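The values are calculated or read from the model by the stated rules, or taken from the named source; none is laboratory data. Model, not experiment: these values are computed from the prediction. All Cβ positions, glycine included, derive from the backbone under ideal geometry; neighbour counts span all protein chains shown. Side chains are part of the model used for accessible areas, which takes the heavy atoms of the whole protein and leaves out ligands, DNA and RNA. Shrake-Rupley method; radii C 1.70, N 1.55, O 1.52, S 1.80 Å.
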Amino acid sequence: MPLPLRAARTALLVTGAALLTRRALRRRIDASPLWPLPALEEPISGQPRSRALTLRVARHERVAEGVVQLRLEGGHLAALPAWEPGAHLDLVLPSGRVRQYSLCGDPEDTSSYTVATRLIGPDEGGRGGSREVHEALREGAEVEVRGPRNRFPLLDDTASYVFVAGGIGITPILAMVRAADAAGADWRLLYCGRSRASMPFLEELEKLGGAEGRVSVVAEDVSGRPDVGAFLREGAQGGAGVYVCGPEGLMDAVAGALPEGCSLHLERFAPAASAGGGSAFEVELRRSGRTVSVGADTTVLAAVRAELPDVPYSCEQGFCGTCQHRVLEGEIDHRDELLTDGERGDSMLICVSRARGTRLVLDL
Ligand code: FES
């Protein structure tokens, strides 16, 4: 059964566009003196960039092996900006690193945001962000946040919902499951992890799944790798919306076994294929009246920042969308998997994408 009161502007495969529901709009108008937020000049994929807020860590708790959950409160703020399941926050960590974390609390709670993060060591490709969250963002600490933004919206144009989460990929899926269940929708969840002890929110999810057996848990230390194909054959009827967040291998497995007639929606918190490499070219910054050279082994973002140090950016890996800019002239070599075909026509993510020719003109 489709979620009530949802009006998706656009249905799409592989992450999404903004979804402004009547419920969210109502809440923004009624409840939030912060809304509308002052938008900066350029929208990101149709969503205004919101201003930064300083929040306080009201709670820092371990919710599974290697996973902490933070409750961030606005204190003096009457209400925090609203969000929808699938949305994420940018956290500006004490070191200046910016990291994205999916919101996994209750969207109706406008006094706080909740995020959870798994400690990722350097051996797994961690670059220090999760360690900072675990060690520096203790109760009482202040942290700057930006957002929320939603590139993984739960759409209502589907007969049923199938969720697949791997490890900490459960964070955006948790809010979706709660919303689908509260709406009386038909849903299923496959939740995979290394061990039950390492999988947060298991108890709540198994309770939500109830006797109908909506939740399948695969702990690899006991059951080995999940049989994604079997799960989809059984759980994803034609017309289902399949929402996946987790490691690349899991997302590939779901994409490869997707039953006919189902739509696929992926939350990809992984680097774009390749940001460097290629030929040198020039970028004219039309509004600033400057031109920068982009070397074969550097990025457009790095070259632009040398002239415009305040140009916004965040992940530097092509998945957050913060560095999206309009391209006025030149052919773009898109190296991200985030922008929609429509957006690719006249904009690019300058942290990873490059020029096909010798020159680009940016509206900067
Ligand atoms: Fe995140 Fe470019 S900085 S996509």
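Okay, here's what the table says:
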item	result
Candidate set from region 266-285 (those that are loosely packed, with under 15 Cβ neighbours inside 10 Å and over 29 Å from the mean Cα position of the chain (by Cα)); member that is modelled with the lowest pLDDT	Ser279
Index of the failed condition, Gly167 passing every other in (1) open to solvent by 30 Å² or more (accessible area, probe 1.4 Å); (2) closer than 16 Å to Tyr101 by Cβ; (3) not β-branched (Val, Ile, Thr)	(1)
Counted residues, region 283-305 - those being over 16 Å from Arg335 (Cα atoms), within 16 Å of the ligand (Cβ to nearest atom) and touching a residue at least 12 places away in the same chain (Cβ under 8 Å)	3
Options Glu343, Glu337: the member that is open to solvent by 10 Å² or more (accessible area, probe 1.4 Å) and not in a loop (DSSP other than H, G, I, E, B)	Glu343
Cross-chain or 6+ apart pairs with Cβ under 8 Å, region 69-81 first and surrounded by fewer than 20 Cβ atoms within 10 Å (Cβ to Cβ), then among the aromatic types (Phe, Trp, Tyr)	Arg71/Tyr113
Some residue of region 115-129 being touching a residue at least 60 places away in the same chain (Cβ under 8 Å) and more than 22 Å from Leu205 (Cα to Cα)	no
Output for region 306-334, where each listed residue is within 15 Å of the ligand (Cβ to nearest atom), assigned to a loop (DSSP other than H, G, I, E, B), open to solvent by 40 Å² or more (accessible area, probe 1.4 Å) and touching a residue at least 24 places away in the same chain (Cβ under 8 Å)	Pro312, Tyr313, Glu316
Restricting region 335-355 to residues that are near the ligand (Cβ under 7 Å from one of its atoms) and of a type outside the set (A, V, I, L, M), the residue that is modelled with the lowest pLDDT	Asp336
All positions within region 294-303 that are within 14 Å of Ile350 (Cβ to Cβ) and open to solvent by 40 Å² or more (accessible area, probe 1.4 Å)	Thr298, Ala302
